[in-house]
Amino acid sequence: MNDTVSFGYEDIAATEKTARVGAVFSSVARNYDRMNDAMSAGMHRLWKDKFVRRVKPREGEYILDMAGGTGDIAFRMEKSGAHITIADINADMLAEGVERAADRGVDSLVWTEANAEALTFPDKSFDAYTIAFGIRNVTDIPAALREAHRVLKRGGRFYCLEFSTTLWPGFGALYDAYSHKVVPKIGQMIAGDAESYRYLIESIRRFPDMPSFERMIADAGFVRTKAEPILGGAVAIHSGWKI
């Protein structure tokens, strides 16, 4: 890993990023889902529904939902009867998810604090690995992808939902203007925190484009990799298989 990594538009020492990202998510945890609704006009719910349809969780299989925080993806999958472990490096995000699970009467989920770059699960533990809007916040993304490959069983599947770069002519400029000028103001109004949302937008702009990230997934050992664009690539579902 390089000595410096991106933190939004800023380049910082790799050793600093985990703590600084942690502070961002601790700040936004309580209002995270409200902000997602406000920023995407509710579309994030449709994207997550589509994502889970691609995962196709099945009864009895074991799924690791990495960076699962508030439980948005896990709650969508648990009705399948799969055994789901939600892992997140941020204790505040996990606490929010546990509280939401209690409110919903959902007690079948396993919640654990974990770093995507150094998982403590044994090799070949899971049938599927999911991560939604979390991989871009990881300090060492290749390490996290290698760990995803390691903890999957043979035949296991990897699915990642993440923001990317739209390919629609003209839409990119409008999206950039909205993201940089409007989203921090929404963050200030709803969460009292413009800076954290400014970082989140900047982190999207620094994330690799779809072909580049697909190559990173393949480099981690996955085969049959695929990138499925949404909104022309503003969001993408990436997938791969372990054989």
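The values are calculated or read from the model by the stated rules, or taken from the named source; none is laboratory data. Everything numeric in this text was worked out from a predicted model, so none of it was measured. Here Cβ is always computed from backbone atoms with ideal geometry, including for glycine, and neighbour counts include all displayed protein chains. Protein only, heavy atoms only, side chains kept; ligands, DNA and RNA dropped before computing areas. Shrake-Rupley method; radii C 1.70, N 1.55, O 1.52, S 1.80 Å.
The table below gives the values:
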item	result
Simple label model, 7 Å out from Cα along Cβ direction - residue 194 to residue 14, nm	3.4
Rg/Rh (Cα only; Kirkwood hydrodynamic radius) as it applies to region 29-117	0.95
Residue list for region 33-66, given a label point 7 angstrom along the Cα-to-Cβ vector of residue 228 and an amide N cut-off under 13 Å	47-57
Environment charge at residue 147 (Cβ cut-off 10 Å; Lys +1, Arg +1, Asp -1, Glu -1)	0
Contour excess over end-to-end distance, with Cα ends at residue 46 and residue 120 and 0.36 nm allotted per residue	23.4 nm
Rg/Rg_ref, region 137-243, where Rg_ref = 2.2 N^0.38 Å and atoms are Cα	1.22
Distance in nm between pseudo-label sites at residue 205 and residue 143 (7 Å out along the Cβ direction from Cα)	2.7
Estimated inter-spin distance, residue 168 and residue 181, nm [label 7 Å along Cα→Cβ]	1.9
MRE, 222 nm, helices only [DSSP H, n ≥ 4, -39500 (n - 2.57), over the chain, to nearest 500]	-13500 deg cm²/dmol
Sulfur and carbon atoms: percent of accessible area, the chain [1.4 Å]	53
Accessible surface, per residue, of the chain when the full set of protein chains is kept, probe 1.4 Å, Å²	46
Chain lengthening between residue 79 and residue 58 when straightened (0.36 nm per residue, less Cα-Cα)	6.6 nm
Charge context of residue 46, other residues only, Cβ under 15 angstrom, K/R +1, D/E -1	+1
Per-q log10 I(q)/I(0), the chain, q = 0.08, 0.09, 0.13, 0.14 Å⁻¹ (Debye; single scatterer per alpha-carbon; no solvent)	-0.27, -0.35, -0.77, -0.91
Extension gain from residue 3 to residue 103, taking 0.36 nm per residue of separation minus the Cα-Cα distance	31.7 nm
